[in-house]
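The values are calculated or read from the model by the stated rules, or taken from the named source; none is laboratory data. No experiment lies behind these values; they were computed from the predicted model shown. Don't worry about glycine lacking a Cβ; one is built from the backbone with ideal geometry, like all the others, and counts go over all protein chains shown.
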Amino acid sequence: MAAQAKYTLPDLPYKHDALEPHISAQIMTLHHTKHHQTCVNNLNAALSSLSTAVAKNDIVSQLHLQQNINFNAGGHVNHTLFWENLIPASSPSTSPSAAPKLSAALTSRFGSVEKLQEKFNAVLLGLKCSGWGWLVRDIESGNLELTTSKDQDIVPVGKKPLLGIDMWEHAYYLQYLNDKGSYAKGIWKVVNWKKVEERFESSPEGVFGILSGLRSSI
Amino acid sequence: MASTSFVRGKATLPDLPYDYGALEPSISGKIMELHHKNHHQTYVNSFNAASEQLEAAESKEDIAAQIALQPLINFHGGGHINHTLFWENLAPSKNGGGGEPAGSLKTAIESSYGDFSQFKTKFNTALAGIQGSGWAWLVKDNETGQVQIRTYANQDPVVGKYTPLLGVDAWEHAYYLQYQNRKAEYFSAIWDVINWKAVEGRLK
Ligand SMILES: [Fe+2]
Ligand SMILES: [Fe+2]
Ligand SMILES: [Fe+2]
């Protein structure tokens, strides 16, 4: 049997303390090395069970594994996108002016970048479960939209994720406790607008960045 | 309708039957305080706000608005009910918490799960299997009278066919300050503060 290629935890593009004071080093360390790592480990285990089930033509086990794969693969994809769309507050990429084309499109769609941020935060605070808030671009129409995904679901087919914000309690609780509004406000200080603009312009495949490379090596 | 001036009673935050620190070391006083004073209070406030909107929609006979409010009622009403039941089915170890179920509850658990330790293992597996936010419950099936373990997403309440007996909150806010990502430790420590008398009382 050929050794199965394993997904691995990506390195962060910055240090664990680099998003302080908006996201504490303690949160970033646990979030990256524990939560994200657990998704990667569980995904690899589920994929290995899946290949066994496929080899045995065991379709019932294959079906039973779907939920597990959806959750852990989704967790891996979402967190990878999340790390990449954040950057230390001192970087020039945290200014919407680093995303001139996207800023223009957001202004025509939402009125202004600030209005988009307000709407986005309302969407984040309205979540009634663990989940994510997303700025997405509809692939057909090119329209910009706000949406949420529950638990670790990725954005649906036909939508290209541009900016994802983790609203699981583990993403903010150690620092903000139940004050998720302050977390949602603070995170705009560390949004990597340059990266979000790259995704705005890139092919749907290209959005997944380092994940598309991984995908092709499986 | 003549009775549109009817005013519903408001939901209120119940007092805890013990001090915030009384469940230590299983659950820290800080967690209990935030969980009760902030999280539970928010469910109560938001439920009352949604109820008022519902009342207004009912008096206007606006069916679409009544339907649109259901997710809010379910979420915040569920959050209020679930947490109220949760506080009551916990007790400090030195004041009745922990140990094992007795009487008719013991019999019911043994009939469904063999013995208490197998039940505990299954309950912990159910808790660990919750993907996202949610609760694990021991419930009574009202048709068969049998008890069983069920998990519920988010703040979905135990209603309808089932009666809630024992609930454990598996939202991250229930353990994160103390256990961070090591949730299995929380699930194992909570058995020291289960109020089996209260659970048995719900079976009747
Ligand atoms: Fe959820
Ligand atoms: Fe996360
Ligand atoms: Fe809770």
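Restricting attention to the stretch A:20-45, the residues being more than 19 Å from B:LYS183 (Cβ to Cβ) and small (Gly, Ala, Ser) number 2.
The residues of the stretch A:169-204 that are within 14 Å of another protein chain (Cβ to nearest Cβ) and among the aromatic types (Phe, Trp, Tyr), listed by number, are A:TYR172, A:TYR173, A:TYR176, A:TYR183. When the stretch A:21-45 is filtered for residues that are in a helix (DSSP H, G or I), away from chain B (no Cβ under 14 Å) and surrounded by fewer than 16 Cβ atoms within 10 Å (Cβ to Cβ), only A:ALA45 remains.
Yes/no matrix, rows are residues, columns are (1) more than 14 Å from every other protein chain (Cβ to nearest Cβ); (2) surrounded by fewer than 21 Cβ atoms within 10 Å (Cβ to Cβ); (3) among the aliphatic types (A, V, I, L, M):
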| site | (1), (2), (3) |
| --- | --- |
| B:GLU100 | yes, yes, no |
| B:TYR113 | yes, yes, no |
| B:GLN146 | yes, yes, no |
| B:ILE149 | yes, yes, yes |
| B:ASN154 | no, no, no |
| B:TYR162 | yes, yes, no |
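Listed by first and then second residue, the pairs with beta-carbon distance under 8 Å, at least 6 apart or on different chains, first residue in the stretch B:124-137 and more than 10 Å from chain A (Cβ to nearest Cβ), second among the β-branched types (Val, Ile, Thr) and within 16 Å of ligand 2 (Cβ to nearest atom), are B:ALA136/B:ILE130. Is it the case that the stretch A:133-144 has a residue that's small (Gly, Ala, Ser), surrounded by fewer than 13 Cβ atoms within 10 Å (Cβ to Cβ), away from ligand 2 (no atom under 16 Å from the Cβ) and modelled with pLDDT under 95? Looking through the stretch A:133-144, none of the residues is small (Gly, Ala, Ser), surrounded by fewer than 13 Cβ atoms within 10 Å (Cβ to Cβ), away from ligand 2 (no atom under 16 Å from the Cβ) and modelled with pLDDT under 95. Looking only at the stretch B:191-204, decide whether some residue is away from ligand 3 (no atom under 16 Å from the Cβ), within 14 Å of another protein chain (Cβ to nearest Cβ) and under 23 Å from B:MET32 (Cβ atoms). For the stretch B:191-204, residues away from ligand 3 (no atom under 16 Å from the Cβ), within 14 Å of another protein chain (Cβ to nearest Cβ) and under 23 Å from B:MET32 (Cβ atoms): absent. Residues that are within 16 Å of ligand 1 (Cβ to nearest atom) and hydrophobic (A, V, I, L, M, F, W, C) within the stretch B:119-136 comprise B:ALA126, B:LEU127, B:ALA128, B:ILE130, B:TRP135, B:ALA136, listed in sequence order. Criterion first (under 15 Å from A:TRP188 (Cα atoms) and either more than 14 Å from chain B (Cβ to nearest Cβ) or hydroxyl-bearing (Ser, Thr, Tyr) (or both)) does A:PHE110 satisfy it? No, not satisfied. Residues in the stretch A:123-163 that are in a strand (DSSP E or B) and within 16 Å of ligand 1 (Cβ to nearest atom): A:GLY131, A:TRP132, A:GLY133, A:TRP134, A:THR147, A:THR148, A:SER149, A:LYS150. Among residues of the stretch A:145-160 being in contact (Cβ under 8 Å) with a residue 12 or more places away in the chain and in contact with a Ser or Thr (Cβ under 9 Å, 6 or more places away or on another chain), the one that is nearest to the other protein chains (Cβ to nearest Cβ) is A:ASP151.
Can you tell me which of A:ALA18, A:ALA73 is within 14 Å of another protein chain (Cβ to nearest Cβ) and either in a helix (DSSP H, G or I) or surrounded by 14 or more Cβ atoms within 10 Å (Cβ to Cβ) (or both)?
Going through A:ALA18, A:ALA73 in turn, the sole match is A:ALA73.
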